[in-house]
1. Farthest toward the dipole's positive end in the chain, which of Leu109, Ala53, Ala268, given Cβ charges of +1 (Lys, Arg) and -1 (Asp, Glu) about the Cα centre?
2. For the pair Ala146 and Asn261, what calculated FRET efficiency results from E = 1/(1 + (r/R0)^6), where r is the Cβ-Cβ distance and R0 = 45 Å, to the nearest 0.05?
3. With labels modelled as points extended 7 Å from the Cα through the Cβ direction, what inter-label distance (nm, one decimal) is found for Arg167 paired with Tyr247?
4. Using the Cα centre of the chain as the reference point, and only Cβ charges (+1 on K/R, -1 on D/E), how large is the resulting charge dipole? Debye, rounded to the nearest 20.
5. Using the Cα centre as the reference, give the magnitude of the dipole from point charges on the C-beta atoms of the stretch 112-266 (Lys, Arg: +1; Asp, Glu: -1; all else neutral), rounded to the nearest 20 debye.
6. Rounded to the nearest 20 debye, what is the charge dipole size of the stretch 183-273 about its Cα centre when +1 sits on each Lys and Arg Cβ and -1 on each Asp and Glu Cβ?
7. Quick check on the chain: helices-only [θ] at 222 nm, where DSSP H runs of length 4 and up contribute -39,500 (n - 2.57) each and the sum goes over total residues. Nearest 500, please.
8. Lysine pairs in the chain 8 or more apart or on different chains: how many have alpha carbons under 18 angstrom apart?
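Laboratory data are not the source of any read-out in this text; all were calculated from the coordinates shown. Note that the coordinates shown come from a computational prediction; the quantities given were computed from them, not determined experimentally. When we count neighbours, we look across all protein chains shown, and the Cβ atoms used for this are built from the backbone with ideal geometry, even at glycine.
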Amino acid sequence: MSSSTPMTATRIAATAAGSAAPILQVDGLCMRFGGLLAVDHVGFDVAPQEIFAIIGPNGAGKTTVFNCISGFYQPSEGQILLGGASIAGHSSHQVANQGVVRTFQNVRLFKAMTALENLLVAQHRQSRAPLLAGIFNTTSYRKSEADKIERALKWLDIMGLREFANREAGNLAYGHQRRLEIARCMITGPRLLMLDEPAAGLNPQEKKDLQQLIDQLRREHGVTVLLIEHDMGLVMGVSERILVMEYGKPIALGVPEAIRNDERVIKAYLGEA
Ligand SMILES: Nc1ncnc2c1ncn2[C@@H]1O[C@H](COP(=O)(O)OP(=O)(O)OP(=O)(O)O)[C@@H](O)[C@H]1O
């Protein structure tokens, strides 16, 4: 950890998010690709409803940490606890079923489907409706389908996308596609929302709107947010705590003000810009 941030301050910052039990605990996480240690003993806790950011220069290992948490990679070493239970090595499908959802650096929508259909598919994936109920179009099946449409429209409203409900996702403006991706995550009622560079490709106004949106999702929908982002304005404006990585290692963890003034961080990352 950073030498310029006093260890006591780092410890305080590491637990500053409150006394509630952490929703996510990462401890001693390592990920090797052949001879490359892409993630080297990374550890941090995220409190319920906290907005926690991971920053660092290109190739620092941020996305690899995301991939380990969300089940896309099996970590080489270390512990990942969600609500106190281990999820390290679980498949991405199992992790998603436990309420951990994520976006990717590149937008991944069903581009030929409408915005509304994308939100319906997201719900169908987690739906447990028996096949026969669908085939026979039972009353309860029809009710559950109507509920899904209502929920999809509600999320289009929240995201300011209602007017584009019937537009193909691939034909939406890029900023709108990014918001639709977040809606697709939120509609499943997640505990942990992981956003991988959500501001990439957005214009300044869209970045401001995104900052407000992230804060609103936490305040009004109770979600915990884990964020990877290169845009320092957004990171400093929205995060409660920030973990900084360099060459796979954690070099600082603290509140935005401490991170902003940390010499090692400035040298490793902010000085780069
Ligand atoms: N599947 C993989 N196989 C081999 N090497 C990988 C793999 N995934 C990532 N790496 C390497 O691990 C290191 C960390 O990559 P990672 O994508 O996690 O960095 P990052 O901090 O997210 O970077 P960026 O900000 O550019 O997205 C890099 O050197 C990268 O080349």
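1. Farthest towards the positive end: Leu109.
2. Values: r = 53 Å, r/R0 = 1.19.
The pair Asn261/Ala146 has a calculated efficiency of 0.25.
3. So the label points at Arg167 and Tyr247 sit 4.7 nm apart.
4. Details: 28 positive and 27 negative charges, 134 e Å.
That gives a dipole near 640 debye.
5. Values: 21 positive and 21 negative charges, 125 e Å.
Roughly 600 debye, rounded to the nearest 20.
6. Details: 11 positive and 14 negative charges, 49 e Å.
The dipole of the stretch 183-273 has a size of about 240 debye.
7. So the calculated ellipticity at 222 nm is -11500 deg cm²/dmol.
8. Details: Lys62/Lys249; Lys62/Lys267; Lys143/Lys154; Lys249/Lys267.
The result is 4.
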